[in-house]
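Undergrad: Dumping the structure here so I can ask a few things about it.
The values are calculated or read from the model by the stated rules, or taken from the named source; none is laboratory data. This is a predicted model, so every value here is computed, not measured. Methodologically, a virtual Cβ is constructed for each residue, glycine included, from the backbone with ideal geometry; neighbour enumeration extends over all protein chains shown. The protein model used for the area step is the full one, side chains on, heavy atoms only, and it has no ligands, DNA or RNA in it. Shrake-Rupley method; radii C 1.70, N 1.55, O 1.52, S 1.80 Å.
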Amino acid sequence: MDAWGPGGPVSEGSLIHASFEVAGQQFRAMDVDGGFPLGEGFSIYVDCEDQAEVDHLWEALSEGGEQQPCGWLKDRYGVSWQIIPRALPDLLAKAEGAKQQAVIEAMLKMGKIIVADLEAAYEQG
């Protein structure tokens, strides 16, 4: 488990993320400090291997649903999903300062996460 420090997008000490396993399936949880109607505080995080997997899942799960910012979508049943390429947490883990901020700012402008755009932001940061 990790918690936000000062200057983060939510209150200091709020949960960034936690991982747990249920019946062999990995799950991640995060605290987003509200701002969502009841029920959207729960989402299913999908750790995608590459852009092709992101593209496939994004299109399939958002069909009849709603595409949202920052890699989130709501499927036709109202379930919230985070379709996140492994490159995003990898870039954030190795980035510091301006590079990390550039990756975050790029991600905040996206609906579906585009790996090439994250990598370009990292290089320019």
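Undergrad: Say we look at region 109-123 and pick out the residues that are over 18 Å from residue 48 (Cα atoms) and assigned to a helix (DSSP H, G or I); which of these is most open to solvent (accessible area, probe 1.4 Å)?
TA: Among those that are over 18 Å from residue 48 (Cα atoms) and assigned to a helix (DSSP H, G or I), it is 123.
Undergrad: Among the residues of region 47-62, which ones are touching a residue at least 12 places away in the same chain (Cβ under 8 Å) and small (Gly, Ala, Ser)?
TA: Scanning region 47-62 gives a single hit, 62.
Undergrad: If I filter region 90-125 down to residues being of a type in the set (Asp, Glu) and over 17 Å from residue 71 (Cα atoms), which single residue comes out as modelled with the lowest pLDDT?
TA: Looking at the filtered set, the residue picked out is 96.
Undergrad: Take region 46-57 and flag every residue that is farther than 16 Å from residue 116 by Cα and open to solvent by less than 70 Å² (accessible area, probe 1.4 Å).
TA: Once the filter is applied, which keeps residues that are farther than 16 Å from residue 116 by Cα and open to solvent by less than 70 Å² (accessible area, probe 1.4 Å), region 46-57 yields 46, 47, 57.
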